[in-house]
Amino acid sequence: NGPSGIALSHLLAGNWPYYNGTMHPDELLTARLANAPPGRSIIQQDLRFLSQGLEGRSSNPVSLLMDTLIHPCADLGLELPSLLEWRYHPECQVDHIVLGKGPPGGSWQAMDGNVLTISLASWMELPGVDFRTWEMMHNGVLNGGPTSSRDTRASVASVAQYYYDYVHSRGLARFFRSNCYVTSVRPLDTSHSQTTETIDPETGVQLCQPQAMWRVEGFDNATNSPFCYICRRVVMATGSADMPNRLGVPGELSNPSWVMHDLRSLEAVLDRLVEDEEGDREGVPTEPQCDPVLIVGAGLSAADAVIAARFRSLPILHVFRKKAGELGKQLPENMYPEYHKVHQMMGDGGASYPCYTALAEHRIVEITPDHKVHVIGPNDTVSVHKVSVVAILIGSHPDLNFLPPGLALGARPSQQIDCRSNPVDIEPYTHKVVRAPPGMYALGPLTGDNFVRFLQGGAVAITSHINKELKHHTALYYNIIIS
């Protein structure tokens with residue numbers, strides 16, 4: 001029930017996008033949009049035709065199409081009005097249920113609320129509710145708090161609240177079932193049934209009425225009871241943050257009180273360290289006496305951990321595998337000064353920064369119960385460091401343990417699903433999962449769309465395909481979104 005599931009629910013509820021006739025800087029795209037019959041939604045058009053020739057930061061063509069229409073020329077630093085308007089068609093509603101482990105907002109509800117988003121605030125919004133207007137009413141006018149400008153990022157806390165409010169303000173709450181853990185998604189045996197196949201005469205897309213039925217089981221924490229749905233379609237929108245990546249070294253999992261794998265848990269431990277330090281000093285300011293906080297990783301989460309520890313004036317030992325000179329600078333410095341500062345510290349090695357030491361080209365080989373960490377360097381030399389806390393922040397991967405064993409869904413079937421290097425293999429214009437029984441779809445980070453601004457493309461592709469199938473088949477069924 002994160003932004004992927006919310007975006008799809010909004011469309012399945014009957015909210016459809018229409019081209020508003022505004023000229024796009026891409027004249028060929030404008031011509032393709034103008035070529036459609038009057039009064040036809042994007043949902044009803046040939047997505048393959050509309051998406052051709054578009055380029056951008058997504059590998060999914062419909063995601064690029066929707067981003068181009070909603071945020072024209074965004075990657076050029078422009079903020080142009082959307083080329084879409086949204087109309088509500090209650091007669092086009094597709095019955096569905098959105099299952100989520102927590103409240104609407106998905107993993108955004110579990111993140112540290114003080115961290116700023118990577119994307120601009122306006123790129124975090126969903127159709128029909130302008131983020132800055134919402135934020136002004138929620139944080140600004142009502143509470144006297146700060147609001148975002150066009151060139152600023154939003155706090156994670158604001159984004160999480162925005163998604164929660166969005167579900168209720170857009171009338172989607174009736175489709176959402178929160179505090180539900182999905183434990184099993186299995187195709188039912190349909191070996192004796194037949195599959196009806198037709199071809200959409202307008203687009204050439206194969207429309208296959210999926211005879212495979214799905215059994216979705218889980219547990220509802222709110223009612224303290226199990227649940228089970230039998231459905232014809234399942235949409236996976238679980239995101240990428242369920243399971244943190246592990247180093248796989250001895251001692252990593254046997255010391256859970258001081259070996260962390262997420263920023264929120266780390267910050268709670270850092271606060272306790274600060275309290276202990278202040279108690280020991282008895283009001284006399286001194287240099288920090290605790291052992292260093294060891295942070296593993298070279299990505300944004302690791303950088304957030306460095307920032308958090310520095311804010312608390314704690315000593316830091318930063319371990320990462322890359323050479324300092326190989327670290328990328330993909331984020332503009334004027335918008336992301338805190339990350340560029342950490343990058344500068346990593347390149348410097350810590351020589352110019354008190355209480356910070358960087359160990360480039362190093363990796364951990366063992367963590368012992370006495371708070372000692374064995375680290376190996378580029379010359380295979382091993383050093384031992386006494387630390388107070390270890391934060392291993394090397395990314396995460398989705399939890400798909402509810403799927404049948406042996407169901408290889410990635411672009412590289414033999415490897416674990418990874419939202420950056422091995423996303424779920426989908427049909428690009430329908431988002432149907434390629435190596436799954438009929439009726440399974442995926443969108444969002446599972447398909448490589450790791451930014452909110454690209455999520456609506458997958459939702460449009462799925463809604464379009466379902467709508468075109470429903471034009472040919474009149475059977476009633478539930479459509480389940482697992483998120």
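The values are calculated or read from the model by the stated rules, or taken from the named source; none is laboratory data. Predicted model, so just to flag it, every value in this text is computed and none were measured. Quick reminder, even Gly has a Cβ in these numbers, built from the backbone with ideal geometry, and neighbours come from all protein chains shown. Each accessible area value is taken on the protein alone, full model and side chains, heavy atoms only, with ligands, DNA and RNA left out. Shrake-Rupley method; radii C 1.70, N 1.55, O 1.52, S 1.80 Å.
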Q: Only residues that are open to solvent by 10 Å² or more (accessible area, probe 1.4 Å) and closer than 22 Å to residue 7 by Cα: list them for segment 435-444, please.
A: none
Q.
Among the residues that make up segment 392-415, is at least one of them touching a Cys at 6+ places or on another chain (Cβ under 8 Å) and either open to solvent by less than 20 Å² (accessible area, probe 1.4 Å) or modelled with pLDDT of 95 or more (or both)?
A. yes
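I'd like the residue in segment 466-483 that is of a type outside the set (Lys, Arg) and over 22 Å from residue 175 (Cα atoms) and, out of all such residues, is modelled with the highest pLDDT. Don't jump to the end; show me each part of the working.
Filtering segment 466-483 down to residues of a type outside the set (Lys, Arg) leaves 466-467, 469-470, 472-483.
Applying the additional criterion that residues be over 22 Å from residue 175 (Cα atoms) yields 472-473.
Working: 472: 65, 473: 60.
My answer is 472.
Residues 247, 270, 266: which one is among the aliphatic types (A, V, I, L, M), more than 24 Å from the chain's Cα centre (by Cα) and either closer than 13 Å to residue 390 by Cβ or assigned to a loop (DSSP other than H, G, I, E, B) (or both)?
270
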Q. Which residues, taken from segment 436-460, are assigned to a helix (DSSP H, G or I) and not charged (D, E, K, R)?
A. 444, 445, 446, 447, 452, 454, 455, 456, 457, 458, 459, 460
Q) Looking only at segment 235-262, which residues are in contact with a Leu (Cβ under 7 Å, 6 or more places away or on another chain) and among the aliphatic types (A, V, I, L, M)? A) 235, 236, 237, 260
Q: Scan segment 424-435 residue by residue and report those that are of a type in the set (A, V, I, L, M, F, W, C) and in a loop (DSSP other than H, G, I, E, B).
A: 434
Q) Regarding residue 463, is this residue in a loop (DSSP other than H, G, I, E, B), at pLDDT 95 or above and either under 19 Å from the mean Cα position of the chain (by Cα) or closer than 30 Å to residue 46 by Cα (or both)? A) no
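Answer with yes or no whether residue 349 is of a type outside the set (A, V, I, L, M), over 22 Å from residue 274 (Cα atoms) and open to solvent by less than 40 Å² (accessible area, probe 1.4 Å).
Values: of a type outside the set (A, V, I, L, M): yes; over 22 Å from residue 274 (Cα atoms): yes; open to solvent by less than 40 Å² (accessible area, probe 1.4 Å): yes.
When the stated conditions are applied, residue 349 passes them.
Is there a residue being over 26 Å from the mean Cα position of the chain (by Cα), within 29 Å of residue 419 (Cα to Cα) and at pLDDT 55 or above anywhere in segment 228-238? Full working, then the answer.
Applying the first criterion (over 26 Å from the mean Cα position of the chain (by Cα)) to segment 228-238 yields 228, 230.
Narrowing the set further to residues that are within 29 Å of residue 419 (Cα to Cα) leaves 228, 230.
Filter once more, keeping what is at pLDDT 55 or above: 228, 230.
The answer is yes, given that some residue of segment 228-238 is over 26 Å from the mean Cα position of the chain (by Cα), within 29 Å of residue 419 (Cα to Cα) and at pLDDT 55 or above.
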Q. Name the residues in segment 86-114 that are open to solvent by 60 Å² or more (accessible area, probe 1.4 Å) and either assigned to a loop (DSSP other than H, G, I, E, B) or hydroxyl-bearing (Ser, Thr, Tyr) (or both), would you?
A. 88, 93, 95, 101, 110, 111, 114
Q) Looking at segment 210-237, which of its residues are polar (S, T, N, Q) and either open to solvent by less than 10 Å² (accessible area, probe 1.4 Å) or assigned to a strand (DSSP E or B) (or both)? A) 225
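Is it true that some residue in segment 237-249 is free of Cβ contacts under 8 Å to residues at least 60 places away in the same chain and closer than 30 Å to residue 177 by Cα?
If we filter segment 237-249 for residues that are free of Cβ contacts under 8 Å to residues at least 60 places away in the same chain, which is where we start, we get 248.
Filter again for closer than 30 Å to residue 177 by Cα, leaving none.
Checked against the condition, which is being free of Cβ contacts under 8 Å to residues at least 60 places away in the same chain and closer than 30 Å to residue 177 by Cα, segment 237-249 yields no hits at all.
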Q) Of the numbered conditions (1) over 32 Å from the mean Cα position of the chain (by Cα); (2) touching a residue at least 24 places away in the same chain (Cβ under 8 Å), residue 392 satisfies every one except a single condition; which is it? A) (1)
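Can you tell me which of 384, 373 is modelled with pLDDT of 95 or more, outside any loop (DSSP other than H, G, I, E, B), surrounded by 13 or more Cβ atoms within 10 Å (Cβ to Cβ) and touching a strand residue (DSSP E or B) at 6+ places or on another chain (Cβ under 7 Å)? It would help to see each step written out before you state the result.
Numbers: 384 fails: surrounded by 13 or more Cβ atoms within 10 Å (Cβ to Cβ).
Testing whether each residue is modelled with pLDDT of 95 or more, outside any loop (DSSP other than H, G, I, E, B), surrounded by 13 or more Cβ atoms within 10 Å (Cβ to Cβ) and touching a strand residue (DSSP E or B) at 6+ places or on another chain (Cβ under 7 Å) leaves just 373.
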Q | Unique match (being of a type in the set (D, E, K, R), open to solvent by 70 Å² or more (accessible area, probe 1.4 Å), modelled with pLDDT of 90 or more and touching a helix residue (DSSP H, G or I) at 6+ places or on another chain (Cβ under 9 Å)) among 310, 246 | A | 310
Q) If residue 186 satisfies every condition in (1) open to solvent by 50 Å² or more (accessible area, probe 1.4 Å); (2) modelled with pLDDT under 80 but one, which is the exception? A) (2)
